[in-house]
């Protein structure tokens, strides 16, 4: 059974965006799963699931034992395992977790970081 390590809060001066690239899906030749033809409706993600996914990503990306030396497939398998551990069930597939992060959550986090950093960069005169 997989028991993830809890991530400690980042220091106040650290960068909010990691310095390594997890998007290079060409690092492996075999995909995690085959497409499934299913006509059932896609279940919407809950806030709890989105929070669990964020926790899983942070915990995996801040793993200072293995560092950022994992290939994309290994990283996302670990994120998915942590997500399933946090949720207590395996309702979402590897592809679902990966796609949710890359297409929905990460762009919003990047947008927030841009706004936050631009506010932090404003220098008060006087």
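The values are calculated or read from the model by the stated rules, or taken from the named source; none is laboratory data. Bear in mind the structure is a predicted one, so any value in this text is a computation, not a measurement. Ideal geometry is used to build each Cβ from the backbone, glycine not excepted, and the neighbour counts take in all protein chains shown.
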Subject >> Output for the stretch 85-103, where each listed residue is in a helix (DSSP H, G or I) and without any contact (Cβ under 8 Å) to a residue 12 or more places away in the chain >> reply: 96, 99, 103
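Which one of 120, 124 is assigned to a helix (DSSP H, G or I) and either modelled with pLDDT of 95 or more or surrounded by fewer than 12 Cβ atoms within 10 Å (Cβ to Cβ) (or both)?
Working: 124 fails: assigned to a helix (DSSP H, G or I).
After ruling out the rest, the residue left standing is 120.
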**OP:** Output the residues belonging to the stretch 71-104 that are touching a helix residue (DSSP H, G or I) at 6+ places or on another chain (Cβ under 7 Å) and surrounded by fewer than 16 Cβ atoms within 10 Å (Cβ to Cβ).
**Re:** 71, 90
**OP:** Taking only the stretch 41-61 into account, find how many residues are surrounded by 10 or more Cβ atoms within 10 Å (Cβ to Cβ) and not in a loop (DSSP other than H, G, I, E, B).
**Re:** 14
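Which residue, of 64, 68, is surrounded by 13 or more Cβ atoms within 10 Å (Cβ to Cβ), modelled with pLDDT under 95 and not in a helix (DSSP H, G or I)?
On the way: 64 fails: surrounded by 13 or more Cβ atoms within 10 Å (Cβ to Cβ).
Going through 64, 68 in turn, the sole match is 68.
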